[in-house]
Amino acid sequence: MVIAGGGPTGLMLAGELALAGIDVAIVERRASQDLAGARAGGLHARAIEVLDQRGIADRFLAQGQLHRVVHFHVPLDISDAPTRHNYVLGLWQHHIERILAEWVGELAVTIHRGREVTGFAQDDSGVDVALSDGQSLRAQYLVGCDGGRSLVRKAAGIAFPGWDPTTSWLIAEAETAEEPKWGLHQDAHGIHGIGKVENGGSVRIVLTEPQLRTDSEPTLRDVSAALTAVYGNTDGFELRGRLPQVATVELDGFEIVVTHGDQFGSPTPELVQGAFPTAEIIVYGHTHRPLLTLVDTVVTVMNPGGAGHRRFNLPPSVGILELEPGIPPRGRLVPLLPFDPA
């Protein structure tokens with residue numbers, strides 16, 4: 001049997017087949033088991049149970065970190081789950097793959113590295129598998145473990161039914177010039193997080209994108225723009241930590257409140273006005289959607305929009321308020337044009 005793909009799925013399948021006495025080989029495009037980035041970050045109870053059935057769970061447990069409380073928007077204690085492994089194991093994918101590769105190596109599984117499956121031809125007795133180096137392999141079966149865009153699946157005409165995606169996340173590992181805001185952060189767009197990578201020299205960033213994107217690999221500009229939109233435009237983390245969440249000022253006889261708005265989750269004009277009932281003018285942000293309206297016919301509420309990269313297919317914008325004693329405020333929203341999103 002030939003397995004296309006030497007990731008976690010292909011390695012685990014190869015180990016299972018080898019234990020059953022089946023001659024199996026893996027074709028993997030990477031020259032080594034090294035991964036660019038940490039990828040996935042853990043194993044759940046059922047996966048650890050399967051590894052335990054094969055006698056190799058301790059190899060993973062020795063290198064990971066146990067978590068008996070997991071977070072799905074709210075903390076969930078799984079310490080009383082009916083299993084020997086009532087926890088989640090924190091362990092990055094490159095470690096998971098390395099341990100699995102060592103295991104299948106002990107089982108004498110052949111791994112053809114630095115090449116990939118480019119096609120195949122099937123007949124009544126088996127399948128000829130074409131490789132990228134011009135060579136070929138003959139097997140009774142070919143298994144596609146080559147990812148969500150599997151060439152094997154597509155060439156075999158096997159459909160991949162399901163629903164269209166509704167949300168996309170941007171994931172990056174980067175070095176920062178200063179200490180970021182660690183942990184999870186929730187806003188109008190979704191849940192975001194910044195955590196430490198085990199080497200200590202970089203951070204892992206996960207951001208919910210405001211618009212679904214499946215068209216291309218993200219660029220450094222995309223990461224910078226998304227970070228700016230979620231965590232702020234210009235001021236460093238240390239400075240922002242010293243700024244007040246709410247600022248109140250009286251100007252030309254008007255009581256004005258300025259706030260970022262993230263304390264409301266998904267702020268609306270009515271919500272912020274209810275929080276500051278004596279204010280005559282309220283300026284807030286956080287949603288990156290420009291807005292200018294009256295609440296209760298007398299309170300001017302403005303969201304100037306976003307001053308960073310384009311959000312929600314809207315150009316960056318600013319809000320302008322003109323104040324004169326005894327005259328209702330005059331406000332307008334001004335797009336910052338011309339604007340090139342590229």
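None of the figures in this text is laboratory data; all of them are computed from the coordinates on show. Since we're looking at a predicted model, the values are computed, not measured. Positions of Cβ are generated from backbone atoms using ideal geometry, with glycine treated the same way; all protein chains shown enter the neighbour counts.
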Taking only the alpha-carbon positions of the stretch 1-115 and ignoring solvent, what does the Debye formula give for the base-10 log of I(q)/I(0) at q = 0.14, 0.16 Å⁻¹?
-0.61, -0.77
Treating only the Cβ of Lys, Arg, Asp and Glu as charged (+1, +1, -1, -1), what charge dipole size does the chain show about its Cα centre? Round to the nearest 20 debye.
500
Of all DSSP beta bridges located in the chain, what percent are antiparallel, nearest 5?
75
Find out how many positive minus negative residues lie around Asp296, taking Lys and Arg as positive, Asp and Glu as negative, among other residues whose Cβ is under 13 Å from that of Asp296.
-2
What net charge is computed for the residues neighbouring Ile281, neighbours being all others with C-beta under 12 Å from the C-beta of Ile281, Lys and Arg scored +1, Asp and Glu -1?
-4
Computed from these coordinates, which is Cα extents along the principal axes in Å: (1) 78, 49, 35; (2) 90, 47, 36; (3) 72, 70, 58?
(2)
